[in-house]
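*Asks:* Sharing a structure with you now.
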Amino acid sequence: MDNSGDDTGEDETEWNNSYVDSVPLRPAAASVSDASLNRTSGATPGERVILHFDLDCFYAQVEMLRNPALRDVPLGIQQKYIIVTCNYVARGHGVTKLMSVTDAKQKCPQLVLVKGEDLTHYRDISYKLTELLVSFCPLVERLGFDENFMDITKMVERRLAETPASNRFSFKGHVYNHISADATKASDHPRLALGSHVAAELRDAIHGKLGLTGCAGIATSKLLAKLVSGAFKPNQQTTLLPENVGDIMGSLSGLRQVPGVGHQTAKRLQALGMVGVKDLQLFPLNDLAKEFGGPAARRLRSLALGVDDSPVAPTGAPQSLSDEDSFKKMSTTREVSEKIQELLSSLTERMHKDGRQPQTLRLTVRRYSATNKWFGRESRQCPIPNHVGQKIPSGGGDGVAVRQLVALAMKLFHKMVDCSAAFHLTLINVCFSNLQARGAAAGGRGSITSFFTQSSPPKGTDIFSPQSQVLQKSPADDFMLIEISSPVTLCY
Ligand code: DGT
Ligand code: MG
């Protein structure tokens, strides 16, 4: 199945990464004194130790694990006509992420291409990684497929208590803007120094157990940890000290580089005359509040200054599962019905593995329009009758459930699209939401508590923060970030 349109749903994140980044940031006004900090590490913001992990060339690494012969050749992962990622050998030849296949082949004629449209293996490994991290510390928040935040403050505090004061602290890996980590006075920042040791151990564990390499950022907030983790790539780690926050914020080349500022938000900021991060730092707060409202304005200002008190929100089981496909043109009811059947079959299989019963079916379409190339998405949803829904967790009843769901989805389709006139669709998405544990028995398959404790994480069960926003990215509309919440969507 072509999944390159990506599985995304209102509350799912898949490969969505830096921008997938679908963690709504809490308003600054509420964040500092909020008791929610205590729900996490209990530390005051400046004392937290937050890690951000980002795997190296994720899809390519998965393919290299599956076929080690690919390790030493330049490898590109192709979705439709785009190289969505490539290994570091290919990067050495000038191939970049999101380059067209044509350009990539020009840069590197010996580039080996592997189709990456079926996300199954990436998804599986992605959950194995989160599961591994959760086994060390429960405060893990997923961000897309290959990124995770961890609040390791408590681990660090335990180590701090166990470390004799006479011990010389040191940093593992790089320290941002310090030429040598050795020369950096770690005793001034013992928590971050110990955090860098924990990060190194976790990266070793990820490599030892899963065979994967990645980068880590160590800082006092999610925003800063994410910003610093890519400072040295691949397979390296970097710590950001509080005194260098201004440097890293000043190094960002534009507003979109601020984690939490999505495409739409950046456009609105630009419309107010802002270009760089400095402009946002200096823009009168009152004027910003007129555009975004007070809390979002303060939040944006804080982000621009490198201040982020949002907690690492442990990721629970997803609230919905979806699957979608994008294409150049679909214009007959038959094609629509066939595509919906294909999507629902795979989704039902994933739902079966998850073990919960969906209560709601949603269908989303995107129409083509000559004037507005990527017309917005439209959705309709309906309840799934219990006699249909209950077949899903038990395996779909030999395709009966899928047939019944297709009939339901086609009804939704006809509510949106008048088939007596010509139509031109470029995307179809089906989504199961309102997922309920069968018998609602705590600890049952599919429950949040069991989600990370299964020996093999359920394939395709997407984890997200329940409050997260719809964020989508596909080769067809790369970096399109759909921001549905007004007045502002702040996404990592
Ligand atoms: P890195 O982190 O620079 O070493 O390389 P990757 O490949 O890990 O890149 P990252 O972390 O931005 O994204 C993780 C995976 O998500 C990547 O392997 C492929 C997928 N992905 C990233 N960006 C896009 C995109 O724009 N479209 C699609 N379809 N997939 C993407
Ligand atoms: Mg990555």
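The values are calculated or read from the model by the stated rules, or taken from the named source; none is laboratory data. Everything quoted here is computed from the prediction, not taken from an experiment. Here Cβ is always computed from backbone atoms with ideal geometry, including for glycine, and neighbour counts include all displayed protein chains.
*Asks:* Can you confirm whether L132 is modelled with pLDDT under 95 and more than 15 Å from the chain's Cα centre (by Cα)?
*Replies:* yes
*Asks:* Of G144, G195, which residue is at positive phi and of a type outside the set (K, R)?
*Replies:* The match here is G144.
*Asks:* Also, I was wondering about something else. When the range 309-338 is examined, which residues are found to be charged (D, E, K, R), surrounded by fewer than 22 Cβ atoms within 10 Å (Cβ to Cβ) and not in a strand (DSSP E or B)?
*Replies:* Of everything in the range 309-338, those that are charged (D, E, K, R), surrounded by fewer than 22 Cβ atoms within 10 Å (Cβ to Cβ) and not in a strand (DSSP E or B) turn out to be R334, E335, E338.
*Asks:* Can you give me the number of residues within the range 149-163 that are of a type in the set (K, R) and crowded, with 23+ Cβ neighbours inside 10 Å?
*Replies:* 0
*Asks:* Another one. Name the single residue that is surrounded by the most Cβ atoms within 10 Å (Cβ to Cβ) among those in the range 210-245 being of a type in the set (D, E, K, R) and away from ligand 2 (no atom under 14 Å from the Cβ). Talk me through it step by step, then tell me what you get.
*Replies:* Applying the first criterion (of a type in the set (D, E, K, R)) to the range 210-245 yields 222, 226, 233, 243.
Cutting the leftovers down to away from ligand 2 (no atom under 14 Å from the Cβ) gives us 222, 243.
Values: K222: 29, E243: 12.
Per the stated criteria, the residue is K222.
*Asks:* Are any of the residues in the range 296-315 touching a residue at least 40 places away in the same chain (Cβ under 8 Å), small (G, A, S) and within 30 Å of S369 (Cα to Cα)?
*Replies:* no
*Asks:* So in the range 42-68, with the set limited to residues that are in a loop (DSSP other than H, G, I, E, B) and at pLDDT 95 or above, which one is farthest from ligand 2 (Cβ to nearest atom)?
*Replies:* Looking at the filtered set, the residue picked out is R48.
Here is a yes/no grid of residues against (1) more than 30 Å from K185 (Cβ to Cβ); (2) loosely packed, with under 14 Cβ neighbours inside 10 Å:
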| position | (1), (2) |
| --- | --- |
| D247 | no, yes |
| L252 | no, no |
| G260 | yes, no |
| Q270 | yes, no |
| G273 | yes, yes |
| Q281 | no, no |
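*Asks:* Also, quick follow-up: In this structure, is G395 touching a His at 6+ places or on another chain (Cβ under 8 Å) and surrounded by fewer than 16 Cβ atoms within 10 Å (Cβ to Cβ)?
*Replies:* Here the answer is yes, as G395 does meet what is asked.
*Asks:* Look through N87, N148 and report the one residue that is within 16 Å of ligand 2 (Cβ to nearest atom), modelled with pLDDT of 90 or more and more than 26 Å from L240 (Cβ to Cβ).
*Replies:* Working: N148 fails: more than 26 Å from L240 (Cβ to Cβ).
Selected residue: N87, the only one of N87, N148 that is within 16 Å of ligand 2 (Cβ to nearest atom), modelled with pLDDT of 90 or more and more than 26 Å from L240 (Cβ to Cβ).
*Asks:* Only one of (1) more than 21 Å from T360 (Cβ to Cβ); (2) within 16 Å of ligand 1 (Cβ to nearest atom); (3) buried (at least 20 other Cβ atoms within 10 Å of the Cβ); (4) at pLDDT below 50 fails for T426. Which number is that?
*Replies:* Single failed check for T426: (4).
*Asks:* A follow-up question, please. Scanning the range 56-83 for residues that are of a type in the set (V, I, T) and touching a strand residue (DSSP E or B) at 6+ places or on another chain (Cβ under 7 Å), which turns out farthest from ligand 1 (Cβ to nearest atom)?
*Replies:* The qualifying residue farthest from ligand 1 (Cβ to nearest atom) is V73.
*Asks:* If you don't mind, another one. For the range 238-258, state whether one or more residues are out of contact with any strand residue (DSSP E or B) (no Cβ under 7 Å at 6 or more places or on another chain), within 16 Å of ligand 1 (Cβ to nearest atom) and closer than 24 Å to F145 by Cα.
*Replies:* yes
*Asks:* Select from the range 174-206 the residues that are outside any helix (DSSP H, G or I) and touching a residue at least 24 places away in the same chain (Cβ under 8 Å) and write down the one among them that is surrounded by the most Cβ atoms within 10 Å (Cβ to Cβ).
*Replies:* V175
*Asks:* Right, next: Just to be sure, is K154 farther than 17 Å from F53 by Cα and more than 16 Å from ligand 2 (Cβ to nearest atom)?
*Replies:* Yes, satisfied.
Yes/no per residue for (1) touching a residue at least 24 places away in the same chain (Cβ under 8 Å); (2) crowded, with 22+ Cβ neighbours inside 10 Å; (3) not polar (S, T, N, Q):
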| site | (1), (2), (3) |
| --- | --- |
| V84 | yes, yes, yes |
| V95 | no, yes, yes |
| S100 | no, no, no |
| A104 | yes, yes, yes |
| P109 | no, no, yes |
| L113 | yes, no, yes |
| E117 | yes, no, yes |
| L129 | yes, yes, yes |
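*Asks:* Moving to a separate point now. Regarding the range 119-131, can at least one residue be identified that is more than 16 Å from ligand 2 (Cβ to nearest atom), under 30 Å from R48 (Cβ atoms) and not small (G, A, S)? Give the steps one after another, and end with the answer.
*Replies:* Taking the range 119-131 and keeping what is more than 16 Å from ligand 2 (Cβ to nearest atom), we get 120, 124, 131.
Right, trim to under 30 Å from R48 (Cβ atoms) and you get 131.
Now restrict to residues that are not small (G, A, S): 131.
Yes: one or more hits.
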